[in-house]
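For reference, the structure discussed in these notes is given below.
The values are calculated or read from the model by the stated rules, or taken from the named source; none is laboratory data. In this text, all values refer to a predicted model and were calculated from it rather than measured experimentally. Because the Cβ atoms are built from the backbone with ideal geometry, glycine has one as well, and the counts that use them run over all protein chains shown. All accessible areas refer to the heavy atoms of the entire protein, side chains included, with ligands and DNA or RNA removed. Shrake-Rupley method; radii C 1.70, N 1.55, O 1.52, S 1.80 Å.
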Amino acid sequence: MHVFAVLIAAYAILAYGFRPLGEFVGPEMRANFQAHQLGIYTHVFAATIALLLGPFQFIERLRRKRPRLHRISGRIYLGVGVGFGGLAGLYMASFAYGGPVAKLGFAGLASAWLYTGWQAYRAIRRGDVATHRRWIVRNFALTLAAVSLRILLPLSGISGIPFATAYPAVAWLCWIPNLLLAEWILAGQITPRFFSNSR
Ligand code: HEM
């Protein structure tokens, strides 16, 4: 989780912080990004913050030893990462490449990301740690859609599926399985290490 999150975050920082906008995407997406620069830059950099901070929030020892750090980092994760990243993602979804299926897929992801983040925040504000944890597991599963997307796209390319066909499907497949896996974890079917000693 940490390795993939850091790798994709590094890609985003390098590609969008140091290279001309849209250098690594096709001409249609590039034109779209150039027409909505504030939207794409806000999305990429805010969402990258979520991707970088998220994994550390799950380290039990860090939460126990540095609770203040967990709270500060959690506020940045939810407020800047999910809040700004999600709103800008929702905005960019309305222009996404791949037609209505892709637009709806990304809009669904953005809405679910914002909603689960909001629920996680509300739960912790009223001191309900168990509920907070459940919503955060769902929320971070959605953050990892950025990782799934960038695994699925090259795989579909290798399989010979044209990009225009693959992209709308990937707009859904990058997050629905993640959410199902999160529900599976929450139902107790599998127990990742971060969950085992903190129930
Ligand atoms: C979880 C909610 C997310 C939603 C709803 C979302 C939505 C979108 C949308 C709609 C686009 C434009 C795609 C197009 O025009 O076809 C996009 C692009 C992008 N997003 Fe996200 N995204 C999310 C999470 C993330 C995260 C966590 C990152 C962190 C790295 C990220 C990084 C990027 C990057 C780098 C691009 C530019 C495309 C590329 O270079 O491959 N996104 N996103």
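Our coupling estimate for segment 27-34, obtained by passing each phi through the Karplus curve with A = 6.51, B = -1.76, C = 1.60 and θ = phi - 60°, is x, 5, 5, 4, 4, 5, 5, 5 Hz, Gly and Pro reported as x. Entry note, segment 50-199: relative contact order of 23 percent, from Cα contacts under 8 Å with a spacing of 6+ residues.
The convex hull built on the alpha-carbon positions of segment 1-107 has an orientation-averaged projected area of 7.1 nm². Dipole magnitude for segment 2-196: computed about the Cα centre from +1 point charges on Lys and Arg Cβ and -1 point charges on Asp and Glu Cβ, it is near 1060 debye. Largest mean-square fluctuation among Gly157, Gly85, Gly22, in a Gaussian network model of the chain whose springs join Cα atoms under 10 Å apart, belongs to Gly157. Counting every pair of alpha carbons in segment 82-160, the share spaced more than 16 Å apart comes to 57 percent. Probe radius 1.4 Å, ligands and nucleic acids ignored: give me the carbon and sulfur share of the accessible area of the chain as a rounded percent. For the chain, the apolar C and S fraction of the accessible surface comes to 68 percent.
When the chain is treated as a GNM with alpha-carbon contacts under 10 Å, the residue of Ala169, Ala187, Ala145 showing the greatest mean-square fluctuation is Ala187.
In the context of the full set of protein chains, the chain has a per residue accessible area of 55 Å² (1.4 Å probe).
Each residue of segment 137-146 was assigned a 3J(HN,Hα) from its phi angle through the Karplus expression (A = 6.51, B = -1.76, C = 1.60, θ = phi - 60°), giving 4, 5, 4, 6, 4, 6, 4, 6, 4, 4 Hz with x at Gly and Pro. Residue-normalised convex hull volume from the C-alpha trace of segment 2-196: 119 Å³ per residue.
For segment 86-100, putting each phi into the Karplus relation 6.51 cos²θ - 1.76 cosθ + 1.60 with θ = phi - 60° gives couplings of x, 5, 5, x, 5, 4, 5, 4, 6, 10, 4, 5, x, x, x Hz, in residue order, rounded to whole numbers and with x for Gly and Pro.
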